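Undergrad: Can you read through this structure? Questions will come right after.
The values are calculated or read from the model by the stated rules, or taken from the named source; none is laboratory data. This is a predicted model, so every value here is computed, not measured. All Cβ positions, glycine included, derive from the backbone under ideal geometry; neighbour counts span all protein chains shown.
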Amino acid sequence: MKQLPYLDAHGDDGYQVLRYDLDLSYHPGSNRLAGRALVTAVARSALNGVSLDLGAFRVDRVLFDGRQVRFAHRLGKLRVRPGRELAPGTEFTVEVRYSGIPRPIRGHWGEIGWNQLDDGALVASQPTGAPSWFPCNDRPADKAAYRIAVTTAPAYAVVANGVLVSRTSGRAGTTWVYDQPEPTSTYLVTVQIGRYELLEIASGPVRQPAAVPARLLRAFRHDFADQPRMVRAFERFFGPYPFAEYGIVVVDEDLDVPVEAQGMSIFGANHVDGRGGAEHLVAHELAHQWFGNSVTVADWRDIWLHEGFANYAEWLWAEEAGRSCHELAQRSRAGLARLPQDISIGAPGVRRIFDDRVYQRGALTLHALRLTLGDERFFPLLREWTRRYRHSVASSADFVGLAQRYSDADLAPLFQSWLSETALPHLPDY
């Protein structure tokens, strides 16, 4: 029996988006957003209509292939009727004009998506917050290119996915235009607006820009000084960095946890203390650029492929500094052994996709695999994984199948015990 995807109320698998062109105007004081979204897509099956995910905005007009059409917008869905059947393979465009107050999407994990800050805005959309600010096909497997233009007051900086291609001033404010050509999942698309100082951590070979409140600059330079070396180490472990640059934004408010976006990570002011207290989180978010952003799960049930890998990257970075990855794994396992053994991380359930046991046990799965294969096979496996599924989507079955090619022994029992069973396995001998 085929399993239903997690969060299957989001998205429409009848078509694949090729590109989003977003033109937004935002007023920080009133938190008012006005947008024009041009969605270019191709039908995957015969279609009589197209649905987009969109929050509680006023939709003023919808054009299908340049022609005004009828639409219905309710309960988070914008349903468009093109007036004809679309054959599989047909390319089409949907243009949506909309406006209103962007509100986060409520879910099992709190409010996610567009959040108004005390002075600016933050977007953190994992897993279903993207419709809080633009109409989209909100499925992690639907990856597309993006052009994002945001006009706002001149006192504010705007940071979005991709490379900044222009910044112009006019009567309406300053317009910032970003281009993201690499395929990107909707939940990884972001806009950050604030009174930031713009600087560079490194200019090459991977450019690393940053946007930081002026009061935190000194502490930031200390805490992120090792990030260029971290990038080089992760390239050695995981293969080439998958995007044109890696940006950092520090918002001038506290955040519970940092947030990854494609080609970027967002930290709270509380993660910058001038003592490197959040260095493990810097490693975690950077690792997501390979695991989660370039290689993305086709379905949220496989989220250990994101979080387990990023958590293991924390241990690998600690190992670079002379700590024992194996000791960290043993400590993690001991901590998990004191918790309820009632979760299967290969299918944790929708409500528990962000359970810390998914992160920790996912990392332990990788450590168990490393002990089984040896470093001479484990790290080539990781590099082939990121190369084979670069800018694409993958599943647990894909990883298990690839790992088996690197082993002389049957790996099915290892993956069965770590991913499918609730009882916590022991690590292989070190």
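Undergrad: Could you say which residue among Gln262, Gln289 is touching a strand residue (DSSP E or B) at 6+ places or on another chain (Cβ under 6 Å) and closer than 21 Å to Ser185 by Cα? Spell out how you get there, then give the answer.
TA: Details: Gln289 fails: touching a strand residue (DSSP E or B) at 6+ places or on another chain (Cβ under 6 Å).
Result of the check over Gln262, Gln289: Gln262.
Undergrad: Of all residues in region 385-400, which are without any contact (Cβ under 8 Å) to a residue 40 or more places away in the chain and touching a helix residue (DSSP H, G or I) at 6+ places or on another chain (Cβ under 8 Å)? Quick ask: steps written out before the conclusion?
TA: Within region 385-400, the first condition is being without any contact (Cβ under 8 Å) to a residue 40 or more places away in the chain, and the residues that meet it are 388, 397-398, 400.
Passing the criteria: Arg388, Val400.
Undergrad: Sticking with this structure for a sec: Check region 401-424 and report whether any residue there is surrounded by 14 or more Cβ atoms within 10 Å (Cβ to Cβ), touching a Phe, Trp or Tyr at 6+ places or on another chain (Cβ under 6 Å) and either closer than 29 Å to Ala334 by Cβ or in contact (Cβ under 8 Å) with a residue 24 or more places away in the chain (or both).
TA: No, the conditions are met nowhere in region 401-424.
Undergrad: Consider Val150 carefully, then state whether it is assigned by TED's automatic domain parsing to the domain that holds Leu38, aliphatic (A, V, I, L, M), in contact with a Leu (Cβ under 8 Å, 6 or more places away or on another chain) and surrounded by 19 or more Cβ atoms within 10 Å (Cβ to Cβ). Please lay out each step first, then the result.
TA: Values: assigned by TED's automatic domain parsing to the domain that holds Leu38: yes; aliphatic (A, V, I, L, M): yes; in contact with a Leu (Cβ under 8 Å, 6 or more places away or on another chain): yes; surrounded by 19 or more Cβ atoms within 10 Å (Cβ to Cβ): yes.
Yes: the conditions hold for Val150.
Undergrad: Looking at (1) of a type outside the set (Lys, Arg); (2) in the same structural domain as Tyr20 (by TED's automatic domain parsing); (3) in contact (Cβ under 8 Å) with a residue 60 or more places away in the chain; (4) closer than 26 Å to Asp252 by Cβ, can you tell me which one Glu182 breaks?
TA: For Glu182, the exception is condition (4).
Undergrad: Can you spot a residue in region 82-104 that is without any contact (Cβ under 8 Å) to a residue 24 or more places away in the chain, of a type in the set (Phe, Trp, Tyr) and either buried (at least 17 other Cβ atoms within 10 Å of the Cβ) or within 20 Å of His10 (Cα to Cα) (or both)?
TA: No, there is no match, as no residue in region 82-104 is without any contact (Cβ under 8 Å) to a residue 24 or more places away in the chain, of a type in the set (Phe, Trp, Tyr) and either buried (at least 17 other Cβ atoms within 10 Å of the Cβ) or within 20 Å of His10 (Cα to Cα) (or both).
Residue-wise test of (1) within 17 Å of the chain's Cα centre (by Cα); (2) in the same structural domain as Tyr187 (by TED's automatic domain parsing); (3) among the small types (Gly, Ala, Ser).
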| residue | (1), (2), (3) |
| --- | --- |
| Glu245 | yes, no, no |
| Val249 | yes, no, no |
| Asp256 | yes, no, no |
| Ala261 | yes, no, yes |
| Asp273 | no, no, no |
| Gly277 | no, no, yes |
| His280 | no, no, no |
| Glu285 | yes, no, no |
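Undergrad: Turning to a different aspect of this structure: Tally up the residues in region 246-288 that are out of contact with any His (no Cβ under 7 Å at 6 or more places or on another chain), within 21 Å of Arg229 (Cβ to Cβ) and acidic (Asp, Glu), please.
TA: Here the count works out to 3.
Undergrad: Next question. If you go through region 160-190 one residue at a time, how many are more than 19 Å from Gly292 (Cβ to Cβ) and either crowded, with 16+ Cβ neighbours inside 10 Å or touching a helix residue (DSSP H, G or I) at 6+ places or on another chain (Cβ under 8 Å) (or both)?
TA: Adding up the residues that qualify gives 9.
Undergrad: Looking at Arg387, is it part of a helix (DSSP H, G or I), charged (D, E, K, R), farther than 20 Å from Pro413 by Cα and within 22 Å of the chain's Cα centre (by Cα)? It would help to see each step written out before you state the result.
TA: Working: part of a helix (DSSP H, G or I): yes; charged (D, E, K, R): yes; farther than 20 Å from Pro413 by Cα: yes; within 22 Å of the chain's Cα centre (by Cα): yes.
Yes: the conditions hold for Arg387.
Undergrad: Here's another thing I want to ask about it. Yes or no: region 360-379 includes at least one residue that is at negative phi, part of a loop (DSSP other than H, G, I, E, B), buried (at least 24 other Cβ atoms within 10 Å of the Cβ) and small (Gly, Ala, Ser).
TA: No, every residue in region 360-379 fails to be at negative phi, part of a loop (DSSP other than H, G, I, E, B), buried (at least 24 other Cβ atoms within 10 Å of the Cβ) and small (Gly, Ala, Ser).
Undergrad: Kindly indicate whether Arg357 is in contact with a Phe, Trp or Tyr (Cβ under 7 Å, 6 or more places away or on another chain), among the basic types (Lys, Arg) and either crowded, with 19+ Cβ neighbours inside 10 Å or more than 22 Å from Ser185 (Cα to Cα) (or both).
TA: Values: in contact with a Phe, Trp or Tyr (Cβ under 7 Å, 6 or more places away or on another chain): no; among the basic types (Lys, Arg): yes; either crowded, with 19+ Cβ neighbours inside 10 Å or more than 22 Å from Ser185 (Cα to Cα) (or both): yes.
Considered against the rule, which asks whether it is in contact with a Phe, Trp or Tyr (Cβ under 7 Å, 6 or more places away or on another chain), among the basic types (Lys, Arg) and either crowded, with 19+ Cβ neighbours inside 10 Å or more than 22 Å from Ser185 (Cα to Cα) (or both), Arg357 comes out as no.
Undergrad: Please list, ordered by residue number, the strands (runs of 3 or more DSSP E) wholly in region 13-90 having 3 or more residues that are modelled with pLDDT of 95 or more and of a type in the set (Ser, Thr, Tyr). I'd like the intermediate steps shown before the answer.
TA: Numbers: elements: 15-27, 32-43, 50-53, 58-64, 71-74, 77-80.
Qualifying strands (runs of 3 or more DSSP E): 15-27.
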